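The values are calculated or read from the model by the stated rules, or taken from the named source; none is laboratory data. Since we're looking at a predicted model, the values are computed, not measured. Heads up, the Cβs are rebuilt from the backbone with ideal geometry, glycines too, and the neighbour counts pull from every protein chain shown.
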Amino acid sequence: MSNDNSKQSVDFNNFPNESGHFGQYGGRFVSETLISALDDLTEMYERLKSDPEFQREFDHDLAYFVGRPSPLYFAKRWSEKVGGANIYLKREDLNHTGAHKVNNTIGQALLAKHSGKTRVIAETGAGQHGVATATIAARLGMECYVYMGAEDVKRQAINVYRMKLLGAEVIPVTSGSKTLKDAMNEAMRDWVTNVDNTFYIIGTVAGPHPYPKLVRDFQCIIGREAREQSFEMIGKLPDALVACVGGGSNAIGLFHPFLEDEAVAMYGVEAGGDGLETGRHAAPLNEGIPGVLHGNRTYLMEDDDGQIIETHSVSAGLDYPGVGPEHSWLKDLGRVQYVAINDQEALAAFRNLTRVEGIIPALESSHAIAYAEKLAKELGPGKNIVVNLSGRGDKDIHTVAEIDGITV
Amino acid sequence: MNRITQCLQTLKESNRKALVTYIVNGDPVPQATLKTMHALVEKGADIIELGVPFSDPMAEGPSIQRGHERALEHKTSLRNTLEVVRAFRETDSKTPVVLMGYTNPVERMGAETFATLAKDAGVDGLLTVDLPPEEAPNLIERLKSAELENIFLLAPTTSDERAEKVISMASGFLYYVSLKGVTGAGHLNVDEVNARISRLREQTSLPICVGFGIKDGESAKSVGQKADGVVVGSVLVSKMGDLADQPADVIAEQTAELISPIRAALDEL
């Protein structure tokens, strides 16, 4: 499938198809009760997408509530230190609430408002999507419940408290591995029970159709801006894009508007955890196989019996056994290269960027930063790389301090 | 004729309702499953639904979630589930067995392999909770060729138009989900369920069994007035969890005991 002909013949804007598939990936693997809600959501989204009033509302919120456009920043000192290509950072860390997640929650909260539903639910891993959802729910006066794995509630106490301050109820999930995947199971169970009055705001480009599509569309603002900014700052397209991939929403948001620019290489960076060779990681595109979880078919981390296995990453936001179905498709097409960065490399990049540029990146984004360092050396001077700095690292200070043996 | 169709037809002819019982393979310990299956049949179960353990049982309430977790502690897989059915068939060639689970273990095994092995083991049908028929054309075909029934769910939120489509791909029986919620939920509305069953009767001649939220003789009886059968699961799985420390014989016996009043209530209809 990854020959040159197939690359050229794909019209990326025509996917997913009407049934929500990207090739063999995506689709709708949910219990029957949710099908009608997904049909309604699809119908409403298709209608509102082309409604200028809805688009105006969305753009207005992105400009005045989030603070978009986010800058494309030339990391001069860091580029010089690495000694290769010029590295530019797409500063999603400067968004309100501190990450790219809010682009999507605003879009979905507007859909919720139009649907007349008064209660929103969300799943969260690191807590960034939960915070972004609680934020927009507070602004729109909606009831908000956030499901979070009990393990993550412990790891991310500050975000839990932020959500509570914003008026959301955080529900610790104690089933299964007590992390993001179990939080998503529990959110699905809530949705199936309260489907009449509840809008489920999914945080990444996974889940059943139409979520992978609509989350992507809302996040594409990242790539559209980056494309324009590249022309303004360097007078041409960048040579390569780099973004971390957990579920993959920041990556698809950056990549998608460039997919048809064949000269632009793309690298999705998965969490290598203790190292791919140890099996303790969260890199389904590197090491997994296609399967079905959380409403879609995609690459998964699973055992020979088809049971989903536990993942490992220093970054809670990448600690997920699946990935958005569009990434699985882009992998098979060969359009995007998926690589892995392990915990140690990500931590080194975290410290490096902080000291050299005065920017503390999220541990998730640090995976992209670490890979960009390697790539910059490989590509050499005169080339240009755009890295999605998807979130800021304030939330990770405790994790890093703990690794350093310091109690904050 | 497939055992499921045969069983439901015989019951109908004698004006009786089907009691479908659900337990999870390997829960709470592997040696309890086969014994409990036989004990349930002895106490009046007509169809055994055997849950295939999955790491992420999205549609289950807390009771059955814990059942899956207990089962997975013993590494019970889909392959192992098929072996249990094979062992069950050594002494029971009559009671239909439906496997109920999630897509991924079946997908991992492969539709063709699954259909062949399941048929060979003595399975009669498959119900995959997270697999709407439109995502399953290949599996439906494979099961059909192996003469296994494709059992699909219908829900209160399923439109009449969609029900038509699902029915056209279903066989064996239709599983009507009595409420918006997960298994074992407590807000069953009998009038709504009965009204929907009446409407479904105009769309299909397939038998209709109702599940989710049926926990005792009373709820079974009220739903059984219109339905061809009822599915009882969470109360049994919950009991098996409570009995986890007991010998397998005790688990089987005390769990099966729970269905006696349900059987009696259905037989009053």
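Per-structure values
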item: Some residue of the range B:13-21 being modelled with pLDDT of 95 or more and under 15 Å from B:Lys239 (Cα atoms); result: yes
item: Meets criteria (over 19 Å from B:Gly184 (Cα atoms) and within 14 Å of chain B (Cβ to nearest Cβ)) for A:Lys213; result: no
item: Selected residue [charged (D, E, K, R), modelled with pLDDT under 95, part of a loop (DSSP other than H, G, I, E, B) and out of contact with any Pro (no Cβ under 8 Å at 6 or more places or on another chain)] from B:Lys94, B:Lys75; result: B:Lys75
item: Meets criteria (over 23 Å from A:Val173 (Cβ atoms), within 14 Å of another protein chain (Cβ to nearest Cβ) and of a type in the set (D, E, K, R)) for A:Glu53; result: no
item: Residue list for the range B:113-137, restricted to those being away from chain A (no Cβ under 11 Å) and over 21 Å from B:Pro96 (Cα atoms); result: B:Pro137
item: Residue within the range B:156-163 that is more than 28 Å from B:Asp92 (Cβ to Cβ), of a type in the set (A, V, I, L, M, F, W, C) and away from chain A (no Cβ under 14 Å) present; result: no
item: Qualifying residue in the range A:364-376 (condition: surrounded by fewer than 24 Cβ atoms within 10 Å (Cβ to Cβ) and more than 21 Å from A:Arg227 (Cα to Cα)); result: yes
item: Elements of type helices (runs of 4 or more DSSP H) contained in the range B:200-269, each with 2 or more residues being more than 19 Å from the chain's Cα centre (by Cα) and small (Gly, Ala, Ser); result: B:260-267
item: Residue pairs meeting the criteria (Cβ under 7 Å; at least 6 apart or on separate chains; first over 19 Å from A:Ser390 (Cβ atoms), in the range A:221-233; second not β-branched (Val, Ile, Thr)); result: A:Met233/A:Leu72; A:Met233/A:Phe74
item: Index of the failed condition, A:Asp190 passing every other in (1) more than 14 Å from chain B (Cβ to nearest Cβ); (2) among the acidic types (Asp, Glu); (3) in contact (Cβ under 8 Å) with a residue 40 or more places away in the chain; (4) more than 11 Å from A:Gly253 (Cα to Cα); result: (1)
item: Residues located in the range A:113-143, provided they are part of a helix (DSSP H, G or I) and either of a type in the set (Phe, Trp, Tyr) or surrounded by fewer than 24 Cβ atoms within 10 Å (Cβ to Cβ) (or both); result: A:Lys113, A:His114, A:Ser115, A:Ala138, A:Arg139, A:Leu140
item: Condition check for B:Asp27: in a loop (DSSP other than H, G, I, E, B), surrounded by 19 or more Cβ atoms within 10 Å (Cβ to Cβ) and more than 14 Å from chain A (Cβ to nearest Cβ); result: yes
item: Residues of the range A:265-308 that turn out to be within 14 Å of another protein chain (Cβ to nearest Cβ) and in a loop (DSSP other than H, G, I, E, B), as a count; result: 8
item: Residue among A:Ser70, A:Ser31 that alone is in contact with a Leu (Cβ under 9 Å, 6 or more places away or on another chain), in contact (Cβ under 8 Å) with a residue 12 or more places away in the chain and within 30 Å of A:Gly334 (Cβ to Cβ); result: A:Ser70
item: Boolean, B:Lys35 is in contact (Cβ under 8 Å) with a residue 60 or more places away in the chain, of a type in the set (D, E, K, R) and within 11 Å of B:Val84 (Cβ to Cβ); result: yes
item: Filter result for the condition that a residue is within 9 Å of chain A (Cβ to nearest Cβ) and either among the aliphatic types (A, V, I, L, M) or out of contact with any Ser or Thr (no Cβ under 9 Å at 6 or more places or on another chain) (or both), over B:Arg79, B:Arg66, B:Arg70, B:Arg86; result: B:Arg79
item: Lone unmet requirement of (1) of a type in the set (Val, Ile, Thr); (2) assigned to a helix (DSSP H, G or I); (3) more than 19 Å from the chain's Cα centre (by Cα); (4) farther than 30 Å from B:Leu154 by Cβ for A:Val170; result: (2)
item: Residues satisfying the stated conditions in the range A:189-213, i.e. outside any loop (DSSP other than H, G, I, E, B), surrounded by 24 or more Cβ atoms within 10 Å (Cβ to Cβ) and not aromatic (Phe, Trp, Tyr); result: A:Arg189, A:Val192, A:Pro212
item: Residue in the range B:108-127 that is among the β-branched types (Val, Ile, Thr), modelled with pLDDT of 95 or more and within 30 Å of A:Ala37 (Cβ to Cβ) present; result: no
item: Residues within the range B:138-155 that are closer than 20 Å to B:Ile208 by Cβ, part of a loop (DSSP other than H, G, I, E, B) and more than 7 Å from chain A (Cβ to nearest Cβ), tallied; result: 3
item: Qualifying residue in the range A:267-285 (condition: of a type in the set (Lys, Arg) and buried (at least 20 other Cβ atoms within 10 Å of the Cβ)); result: no
item: Residue among A:Pro361, A:Pro325 that is surrounded by 24 or more Cβ atoms within 10 Å (Cβ to Cβ) and either modelled with pLDDT under 95 or within 14 Å of another protein chain (Cβ to nearest Cβ) (or both); result: A:Pro325
item: Single condition B:Asp130 does not satisfy, out of (1) touching a helix residue (DSSP H, G or I) at 6+ places or on another chain (Cβ under 7 Å); (2) in a helix (DSSP H, G or I); (3) more than 16 Å from B:Met240 (Cβ to Cβ); (4) of a type in the set (D, E, K, R); result: (2)
